[in-house]
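Beneath this line is the structure, given in structure tokens, with notes to follow.
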Amino acid sequence: MTTEFSQEILDRAREIVARYPEGKERSALLPMLHLVQSVEGYVSPAGIDFCAEQLGLQKANVAAVASFYTMYKRRPTGDYLVSVCTNTMCNVLGGQQVYDTLSEHLGVGHDETTEDAKITLEHAECLAACDYGPVLTVNYDFFDGVSPDSAVELAEALKRGDRPKPSRGARLCTLKEMSLQLAGFADEREGAVADGVPGEPTLAGLRLAQKHGISPAGFDINTPIPEGKR
Amino acid sequence: MSVYEKLTPVLTKRWLSPDAWRIDVYEQLDGYAAARKALKSHPDDLIALIKDSGLRGRGGAGFPTGLKWGFIPQNDGKPHYLVVNADEGEPGTCKDLPLMTHDPHSLVEGCIIASYAIRANRAYIYIRGEAVHAARRLRSAVAEAYKAGYLGKNIQGTGFDLDLVVHSGAGAYICGEETALLDSLEGFRGQPRLRPPFPATHGLYASPTVVNNVGTIASVPYIVLGGAAWWKSMGTEKSSGPMIYSLSGRINNPGQYECSMGITLRELIELAGGMQAGHQLKFWTPGGSSTPLLAAEHIDTALDFESVAAAGSILGTTATQIFSDQDCPVYATYRWLEFYHHESCGKCTPCREGNYWMVRVYRRILSGEGTYEDLDTLLDTADNILGRSFCGLGDGATSPVTSSLQYFKQDYLDYIERKKAPMLSAKALAGAH
């Protein structure tokens, strides 16, 4: 079975290549792998062929790159990739229990997909939100301060077809739709870029400074740039 | 002096303004004033200004930024590149994502100024794949900047051209290492390159390239506006300016605290509302998991580059992860080792094999099956990784191992001597997970 990539995808592939200097087309490979994943939900042999053909590379070269990066999935995925941080900080704050509970509840292990093809579960390394730990992401948008119960509730909602609102990011989309954004294309959903406000941890230091009337002294935007010191 | 006076909101201050990610709001808040000012100056004057400010890289290594820019050969007939390392993934580190999400234009503006200074007409922001909302905001900011004439051809009528591309990674911590990042950006597996030659002469596409962290580049507009003397009014003599300290763990108010460099952990904990009830400080990382752990006795160490080094650790990314007496340093180290093992790119043997085996020794110890000899094996393995790995990932992996053995050997012995219940079941020994 070979997937036919549409003219639209072909046009997008050319758009990706154009972002890089002439003769340096290979730089387009990572975004192009995200692009083929946006069509099939994973990087299939057909996706590898497509990238190889577009960039004049051997299939083996493309496969070698695709298999290096964890975000390129090698088997069909669900609509929602649920990634639970189990690195040290989230782990000691309860992330391991969150992962274990979800895994048991969904009946799938790491990098496995539920039978209804809704959820792919994975344990993830540090997701760069330690001040909100323990965290999980759904298609890489954050759900902060999760517990085993809230994570199960979230998974059930996803299975029902609901799309709970992430804590700080944009409203949820499918993994395929997310892969198109990762390929470097704007999120076209009306208002999605505007979604999300910073949580309290992000603003913690600022709130204190505001409360105590602190701002660094002596900031004058008209300070001249010294000339000829070079 | 109250502890609050250590707060220096500079890079973070726009985060309080909703919609500062939009160009119109950004421009009302001094946005693009620095770019307009810089483009009227001579590029060499900008490099001198950054040198004068004492700005050091915010990505962990603390290399002087102006010096790095000065290494770029001029009039060499080759294209120059600016590459922003936005591949934030060092465990504990969480300062660049909020910056790019809530104030993306400050990074774009920093790119314009830095590119002009080093005479680059192309710049890339290599952003961690998982950082999707930050990437949405950044891509939107770049599009707005093109529309407003801050990017593209003949910027603001100055004759300077710059193209800026936001390039998403695909889930590989190693790509935060600058030469692995360049390989990844060229469409290869992200594996580090041998140095020398350095990126300053042979970087992206074998051309002169500056690779700087998000926080470094986002600092540039403020230095251009406020001047080097103002920048140096914060921080210490050798570690100038404000720094975003990212506090996580057993404190009441975890979060981002931008402070004058050189603040102590005691002061940071006070800012963060103190330790959580029932928790006593036991161990902490000054700047991510690759920086050796420190103990409660280091609570008054000034968190600047020199003082942390003198205390036997590294300032790193100022990702201050705070653990208490209820957390186990052996288990914490084990989890970090699982991370390094998973993220090792496989290029060099010490890192690839060493981390593989250390993980197994940790599983044995934490399952209650460890021996005294295991501790020697860990130290010996760490000794064979440190300084023998191809890049800093391997070196970093040894940090929690040797430091936890140095400060918390008793915790290891408690498992070996069965004074403490195993943290892992025997299942872990069979290679589950």
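Where a number appears in this text, it was derived from the coordinates with a stated rule and is not lab data. Source: prediction; values computed, not measured. Backbone-built Cβ (ideal geometry, glycine too); neighbour counts: all protein chains shown.
Worth pointing out:
- Legend: distances between Cα atoms for A:Lys165/B:Lys147; B:Lys13/B:Lys51; B:Lys153/B:Lys232; A:Lys165/A:Lys211; B:Lys282/B:Lys420; A:Lys211/B:Lys95; pairs beyond 27 Å are A:Lys165/B:Lys147; B:Lys153/B:Lys232; A:Lys165/A:Lys211.
- Since only A:Gln37, A:Ala13, A:Ser27 are under comparison, the one whose Cα sits farthest along the positive direction of the charge dipole of the range A:1-47, derived from C-beta charges on Lys, Arg, Asp and Glu, is A:Ser27.
- Average beta-carbon neighbours from other chains, 10 Å sphere, peptide A:57-70: 3
- Three-way shape label, the range B:190-333, alpha-carbon gyration tensor, a/c 1.5: oblate
- The range B:188-223-the range B:249-291 distance, computed between alpha-carbon centres (Å): 31
- Here the Karplus relation 6.51 cos²θ - 1.76 cosθ + 1.60, evaluated at θ = phi - 60°, turns the backbone of the range A:35-40 into coupling constants of 5, 5, 5, 5, 8, 10 Hz, with x for every Gly and Pro.
- Amide H to amide H, with H built 1.01 Å from N, A:Leu81 comes under 5 Å of A:Thr120, A:Asn139, A:Leu175, counting only residues 5 or more places away or on other chains.
- Global geometry of the range A:71-182, whether rounded, prolate or oblate, following the gyration tensor of its Cα atoms and the 1.5 cut on a/c: rounded
- Karplus-derived 3J(HN,Hα), 6.51/-1.76/1.60, for each residue of the range A:47-53, Hz, glycine and proline x: x, 5, 4, 4, 5, 4, 5
- Taking the Cα centre of the range B:1-160 as origin and assigning +1 to Lys and Arg Cβ atoms and -1 to Asp and Glu Cβ atoms, the resulting dipole is close to 260 debye.
- Amide H partners (placed H, <5 Å) of A:Glu112, local residues excluded: A:Leu121
- Working ranking of peptides B:161-171, A:151-161 by packing, defined as the average number of other Cβ atoms within 10 Å per residue, highest first, is B:161-171, A:151-161.
- Nearest-20 debye value, chain B charge dipole, Cβ charges on Lys, Arg, Asp, Glu: 760
- Global geometry of the range B:295-369, whether rounded, prolate or oblate, following the gyration tensor of its Cα atoms and the 1.5 cut on a/c: oblate
- Other-chain or far-sequence residues with amide H under 5 Å of B:Lys282's (modelled H): B:Phe323, B:Ser324, B:Asp325
- Highest-first arrangement of B:219-229, A:199-209, where packing means the average Cβ count within 10 Å: B:219-229, A:199-209
- For the peptide B:372-384, the mean number of other protein chain Cβ atoms found within 10 angstrom of a residue's Cβ is 0.
- Span per principal axis, largest first, for the Cα atoms of chain B (Å): 73, 50, 35
- Positive dipole terminus of the protein assembly as shown, leading residue within B:Tyr340, B:Ile155, B:Trp284 (C-beta point charges): B:Ile155
- At R0 = 45 Å, FRET efficiency that the Cβ-Cβ distance of B:Asp161 and B:Glu237 yields, to 0.05: 0.70
- Alpha-carbon centroids, the range A:158-210 and the range B:353-397: separation in whole Å: 39
- Estimated inter-spin distance, A:Ala18 and A:Gln210, nm [label 7 Å along Cα→Cβ]: 4.3
- Inter-chain Cβ neighbour average for residues A:210-218, partner chain, 10 Å: 5
- Gaussian network model of chain A, Cα within-10 Å springs - most flexible of A:Glu104, A:Glu112, A:Glu122: A:Glu104
- Working note: Karplus 6.51/-1.76/1.60 with θ = phi - 60° gives the range A:154-169 the couplings 4, 4, 5, 4, 4, 5, 6, x, 6, 10, x, 7, x, 5, 9, x Hz, where Gly and Pro are set to x.
- Among A:Gly41, A:Gly107, A:Gly191, the largest mean-square fluctuation in a Gaussian network model of chain A, built with springs joining Cα atoms closer than 10 Å, belongs to A:Gly191.
- Label reach from A:Asp116 (point 7 Å along Cα→C-beta): in the range A:146-173, amide nitrogens under 13 Å belong to A:153-163.
- Summing Cβ point charges (Lys, Arg +1; Asp, Glu -1) relative to the Cα centre of the protein assembly as shown gives a dipole of roughly 1060 debye.
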